[in-house]
Amino acid sequence: MQTRMRIAVVGATGRVGHHVAEVLAERGHEVVPIARSLGVDVITREGLTEALAGAGAVVDASTWPTPDEAEATRFFTTAAANLHELGSAAGVRRLVIVSIIGTDHFEGGYGKAKFAHEKATLAGPIPSRVLRAAQFHEFVEELVGWATRDDVATLPDMRTQLVAARTVGEALADLVTAPDSEFTPGAAGTLLEVAGPREERLPEAARLLVARRGDDLRIEVGSDPNDPYSTVAASGALLPGPDATLGGPTYAEWLEANVPVASR
Ligand SMILES: NC(=O)c1ccc[n+]([C@@H]2O[C@H](COP(=O)([O-])OP(=O)(O)OC[C@H]3O[C@@H](n4cnc5c(N)ncnc54)[C@H](OP(=O)(O)O)[C@@H]3O)[C@@H](O)[C@H]2O)c1
């Protein structure tokens with residue numbers, strides 16, 4: 001455990017970023033939250049030099065959610081380049097990003113862009129680590145929304161070990177404050193993964209969500225064999241390896257604690 005550090009959290013208003021900021025602050029670190037809504041932009045660099053001044057470490061949990069590979073790659077590689085350039089000028093000594101388990105299996109789209117993000121980050125110069133996470137419990141609702149046409153949501157039969165964003169936030173906080181030995185070139189090649197306690201199927205999780213909300217939405221399974229995302233998702237490639245850090249709650253437990261039962 002590092003002594004008190006000043007740590008910039010990029011994407012500090014997001015699903016996982018706000019947990020990272022909260023956990024680090026609870027542990028006594030000084031957090032500099034970064035987001036466009038807070039006046040700091042990791043792409044245009046607006047306010048970035050000022051935000052990174054005096055920071056010893058950065059966690060990047062920002063994103064540009066688009067299925068377009070070129071657009072997403074541009075976002076992530078630009079963010080990595082800006083954080084390395086302005087971060088090293090500011091004296092930042094470690095950079096941690098959050099990626100997605102199995103991202104190296106995608107042949108296109110957002111998943112492939114995240115792989116480019118990993119490579120651009122690990123290229124340095126700031127010593128960097130990547131933490132790959134499973135799909136967040138909080139993300140199921142968004143996936144259902146994207147897949148909904150009229151009163152039907154058609155979802156791929158995704159095998160995923162859904163995890164709470166808070167659990168990922170804790171793992172990111174652990175990593176960015178880990179001993180210096182975790183930030184050597186040798187350590188950087190080690191795959192780090194965090195996932196929930198058990199494998200789930202996305203359509204099943206969506207049915208639990210819909211039942212809890214009391215919706216009339218019908219969930220259907222629709223894996224398109226020509227869609228590389230569905231194929232990778234159904235293949236099990238998004239499941240964690242044997243060395244992953246696993247942490248609760250399960251999706252059902254999380255729903256019970258976070259999504260109110262609809263009153264009808
Ligand atoms: N969602 C999942 O299930 C999941 C699973 C595994 C890994 N991940 C990874 O986790 C990361 C975060 O995902 P999330 O779902 O937590 O994202 P999110 O909720 O959409 O949050 C994105 C954050 O990025 C900030 N942001 C966007 N553009 C920015 C910019 N130009 N400069 C500074 N901040 C910017 C947003 O704030 P403003 O809009 O105010 O700028 C927001 O705070 C992503 O890299 C994603 O690939 C996500």
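The values are calculated or read from the model by the stated rules, or taken from the named source; none is laboratory data. All values derive from a computational prediction rather than experimental measurement. Here the Cβ is made from the backbone with ideal geometry for all residues, glycine too, and neighbour counts use every protein chain on show.
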Query - Candidate set from the stretch 138-159 (those that are in contact with a strand residue (DSSP E or B) (Cβ under 7 Å, 6 or more places away or on another chain) and not hydrophobic (A, V, I, L, M, F, W, C)); member that is nearest to D216 (Cα to Cα) - result: D151
Query raised in the report: Taking interchain pairs and intrachain pairs at least six residues apart, which have beta carbon atoms under 9 angstrom, with the first residue in the stretch 3-15 and farther than 17 Å from F136 by Cβ and among the small types (G, A, S) and the second part of a strand (DSSP E or B) and within 16 Å of the ligand (Cβ to nearest atom)?
Result: A8/V31; A8/V32; A8/P33; A8/I34; A8/V58; A8/V59; A8/D60
Query raised in the report: of a type outside the set (F, W, Y) and in a loop (DSSP other than H, G, I, E, B): does that describe R166?
Result: no
**Report entry** Lone unmet requirement of (1) in contact (Cβ under 8 Å) with a residue 60 or more places away in the chain; (2) closer than 30 Å to A147 by Cα; (3) surrounded by 16 or more Cβ atoms within 10 Å (Cβ to Cβ) for R207
**Finding:** (1)
Query raised in the report: Does S230 meet the test of being outside any helix (DSSP H, G or I), in contact (Cβ under 8 Å) with a residue 60 or more places away in the chain and of a type in the set (S, T, N, Q)?
Result: no
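Can you work out which of the residues in the stretch 16-39 that are buried (at least 18 other Cβ atoms within 10 Å of the Cβ) and part of a loop (DSSP other than H, G, I, E, B) is farthest from the ligand (Cβ to nearest atom)? Can you show your working first?
Let us first name the residues in the stretch 16-39 that are buried (at least 18 other Cβ atoms within 10 Å of the Cβ), namely 16-21, 23-24, 29, 31-35.
Subset that is part of a loop (DSSP other than H, G, I, E, B): 16, 29, 35.
Numbers: V16: 4, H29: 18, A35: 3 Å.
The qualifying residue farthest from the ligand (Cβ to nearest atom) is H29.
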Query raised in the report: Looking at the stretch 136-155, which of its residues are surrounded by 22 or more Cβ atoms within 10 Å (Cβ to Cβ) and touching a Ser or Thr at 6+ places or on another chain (Cβ under 7 Å)?
Result: none
Report task. Please enumerate the residues belonging to the stretch 169-188 that are under 19 Å from the mean Cα position of the chain (by Cα) and either modelled with pLDDT under 95 or outside any loop (DSSP other than H, G, I, E, B) (or both). Result -> G169, E170, A171, L172, A173, D174, L175, V176, A188
Report summary line: Among the residues of the stretch 1-15, the number that are within 13 Å of the ligand (Cβ to nearest atom) and either surrounded by 17 or more Cβ atoms within 10 Å (Cβ to Cβ) or closer than 13 Å to V98 by Cβ (or both) is 7
